[in-house]
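*Asks:* Before we start, here is the structure in question, set down as structure tokens.
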Amino acid sequence: MAQAVYLFFIGKRSMTNDSPAPPLSVNIQVGMGAQYIKDFSFESPNVPQLLGAITAQPRMAMDVNVLSRSLGNGTFESVLKLRLETKIDDKTAFIAELAYAGLFTLPTNLPEEQTKLFLLIEAPRLLFPFARAIIANAVREGGFPHIIIQPIDFLSLYGNQQNGAPMAGTA
């Protein structure tokens, strides 16, 4: 059974007095169905050598990617891909890769641009807390200290991507 999610789209205001300004937000109800792990990998290739004497501060890098596709009848799959790599003294401590997906039902009369914005900004924002917990648990179960992945501003990442920059985040 799908749970209801309410979405607020920010529109543009007209700057001329002769045309009416569109509303700044529209409340649209969407259905959120299943959430699931599409793909997951955790590897720690240098654990025996690294756990003995850690002399340097770990360096973490996280890559973020969002993919979406239509499944028909107003149902879409949005996939949040996270790749977290941590190095200590130039040796890989661990790599965690997760593709976490959700199914979303959107109104069929929703304009294509708003559908795209929902699937690439709002859907991954809803999926992120679950994906973050999966990675944090895997890191802890892999024998490493607890990590906290900071929230991701998917709107800014989308804007950066539209300007030619790759989607990337930090842990």
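Just so you know, all these numbers are worked out from the coordinates, no wet-lab data involved. Because the structure is a prediction, the values reported are computed rather than measured. All Cβ positions, glycine included, derive from the backbone under ideal geometry; neighbour counts span all protein chains shown.
*Asks:* Can you list residues whose amide H is under 5 Å from SER68's amide H, if they're 5+ apart or on another chain and H is modeled 1.01 Å from N?
*Replies:* VAL79
*Asks:* Provide the descending list of Cα extents for the stretch 32-169 along its principal axes, expressed in whole angstroms.
*Replies:* Cα spread of the stretch 32-169 along its principal axes, largest to smallest: 59, 32, 19 Å.
*Asks:* Exposure proxy check: PHE104, PHE40, PHE154 ranked by fewest other beta carbons within 10 Å?
*Replies:* Result, fewest neighbours first: PHE40, PHE154, PHE104.
*Asks:* Expressed as a rounded percentage, what relative contact order does the stretch 32-169 have, with Cα pairs under 8 Å and six or more residues apart?
*Replies:* RCO, the stretch 32-169: 26 percent.
*Asks:* I need the phi-derived Karplus couplings for the stretch 66-75: 6.51 cos²θ - 1.76 cosθ + 1.60, θ = phi - 60°, integer Hz, Gly and Pro marked x.
*Replies:* 10, 10, 8, 8, 7, 10, x, 6, x, 9
*Asks:* Applying the Karplus parametrisation 6.51 cos²θ - 1.76 cosθ + 1.60 with θ = phi - 60° to the phi angles of the stretch 133-142, what ³J(HN,Hα) value in whole Hz is obtained for each residue in order, glycine and proline being reported as x?
*Replies:* Taking θ as phi minus 60°, the curve returns 5, 4, 5, 4, 5, 5, 5, 5, 5, x Hz for the stretch 133-142.
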